[in-house]
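Student: Before anything else, here's the structure in question.
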């Protein structure tokens, strides 16, 4: 019984390790991204800094009403301003 549980745990750890290796070198955003999105449609914002697995700064927004995800162009003025406002809002919430 103990050996079966140990074998199952080992298989889970091995699968997780192999799966993590397969995702190396992949960026979530495959193109430059859109320049702007209506702010009232944005439900969630993710900013992914450059890393060993992806050299690009990635800004990903999740849209409301099951609108999916969009990559924002990190060089667009909309993206820069939206991220600044989100950081200000977040820091104000933390202080309160």
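The values are calculated or read from the model by the stated rules, or taken from the named source; none is laboratory data. Everything numeric here is computed off the predicted structure, so don't read it as measured data. All Cβ positions, even for glycine, are placed from backbone atoms using ideal geometry, and neighbour counts span all protein chains on display.
Student: Return the residues of the range 66-78 that are outside any strand (DSSP E or B), closer than 17 Å to residue 40 by Cα and either touching a residue at least 60 places away in the same chain (Cβ under 8 Å) or within 15 Å of the chain's Cα centre (by Cα) (or both); say none if nothing qualifies.
Tutor: The one that is outside any strand (DSSP E or B), closer than 17 Å to residue 40 by Cα and either touching a residue at least 60 places away in the same chain (Cβ under 8 Å) or within 15 Å of the chain's Cα centre (by Cα) (or both): 68.
Student: Do we find a residue being over 17 Å from the mean Cα position of the chain (by Cα), exposed (fewer than 14 other Cβ atoms within 10 Å of the Cβ), at pLDDT 95 or above and part of a loop (DSSP other than H, G, I, E, B) anywhere in the range 39-56?
Tutor: Taking every residue of the range 39-56 in turn, none turns out to be over 17 Å from the mean Cα position of the chain (by Cα), exposed (fewer than 14 other Cβ atoms within 10 Å of the Cβ), at pLDDT 95 or above and part of a loop (DSSP other than H, G, I, E, B).
Student: For residue 47, only one of the following conditions fails: (1) touching a helix residue (DSSP H, G or I) at 6+ places or on another chain (Cβ under 7 Å); (2) more than 20 Å from residue 30 (Cβ to Cβ). What is its number?
Tutor: (2)
Student: I've got another one for you. Being surrounded by 10 or more Cβ atoms within 10 Å (Cβ to Cβ), modelled with pLDDT under 95 and not in a helix (DSSP H, G or I): is that true of residue 9 here?
Tutor: The answer is no for residue 9.
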